[in-house]
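Since the structure comes first, as C-alpha cells, the remarks are kept for the end.
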C-alpha cells in the first residue's frame, strides 16, 4: 500500500511535475533522473512504485518531443531500431528477474535506492563531460549514410534497458554521451533526437511491465502530468536564453543533490 497521502500532497506533486517538466523542456534531461528521486525523498513514494510511475511519465513526456524531432529530421531510425533490439529485451529481462525473484519489499527498496544513487552520479558526470566529448567532433561533416555498429549499439541498448527498468534513470544523459562516442560523425541534434525517440518505447515497455506487477499509481501520474505539460511548454520556449554551460552545471548539481538526499535514506 502507498505510504503517502495525495489528498494533502497534491500541490507539491503538481509543483514538482512543473519544475521537472520545465527542466526537461529546456535541457531534454530530467524526466527520469529528477522525478524518481523527487517522488521518493519529497513525497514518500515507495521506490518501486516511484520507478514504475515515473517510467510511464517519462514515456509520455518523451513522446511529446519525439514527433517534432522526427519532423525536423533529427532521428536516425536505423540507430533507434538497433538500440531497441537491445533495450526492449533488456527491459523485459529485468522485469522477469524482478517478478521471479519476488524480493523482499524492504530489500528491493534499499537496492533500488542504491542503484539510483549510482545512476544519478553517472548521469551528472555524463552531462558535464558531454561538451568535451562533442568538442573534438564539432567540425566533422556528417556522411549521407551512417554505418550502424550493430553489436556495440545493441549492447548499449541492453545496458540502458536494464538500468532504466530498475531505476528509471539513464536513457537521457548516459545514452547520449555513449552514442556520441560510438557515432562521432553524427550531428548533435540527431544524437539527441535519436536518443529521445529510442527512450519512448524503452520507457513505455518498462512502465507497462511495472504496471503489470502493480508498481504504478495513476492518480500520481495524472497529477505529475498536470504540472509537467505547461512546464515543458514554457521550458522549451526558453531554450537558448541561458548559456548551455550554466544549464549543464545547474542540472548536474541538482542530480548530485538528489543522489545525496537518496543516500541519506538508502
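Here is how the numbers come out for the structure above:
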| read-out | value |
| --- | --- |
| Of 53, 194, 159, the one that fluctuates the most in a GNM where the chain has Cα springs shorter than 10 Å | 159 |
| Rg(Cα)/(2.2 N^0.38 Å) for the range 8-120, N = residue count | 1.21 |
| Folded to 0 to 90 degrees: helix 77-101 orientation relative to the chain principal axis, Cα | 20 degrees |
| Value of D in µm² per second that Stokes-Einstein yields for the chain, Kirkwood Rh from Cα pairs, at 25 °C (0.890 mPa s) | 134 µm²/s |
| Per-bin percent of Cα-Cα distances, the range 200-239 [5 Å] | 6, 20, 17, 22, 18, 11, 6, 1 |
| Mean separation of Cα contacts under 8 Å, 6 or more apart, over the residue count of the range 1-126: relative contact order % | 23 percent |
| C-alpha long axis of helix 173-182 to longest principal axis of the chain, angle in ° | 30 degrees |
| Most mobile listed residue (97, 80, 200) in the chain, GNM with C-alpha springs under 10 Å | 97 |
| Neighbour-count order for 147, 113, fewest beta carbons within 10 angstrom listed first | 147, 113 |
| Convex hull projection area averaged over all views, the range 202-266, Cα basis, nm² | 6.5 nm² |
| Angle in degrees between helix 218-238 and the longest Cα principal axis of the chain, rounded to the nearest 10 | 30 degrees |
| Viscosity 1.567 mPa s, temperature 4 °C, Stokes-Einstein D of the range 157-266 from Kirkwood C-alpha radius, µm²/s | 79 µm²/s |
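A short reminder: the numbers here are calculations on the coordinates, not readings from a lab. Remember, it's a predicted structure, so these values are computed and weren't measured experimentally. Cβ: placed from backbone, ideal geometry, glycine included. Neighbour counts: every protein chain shown.
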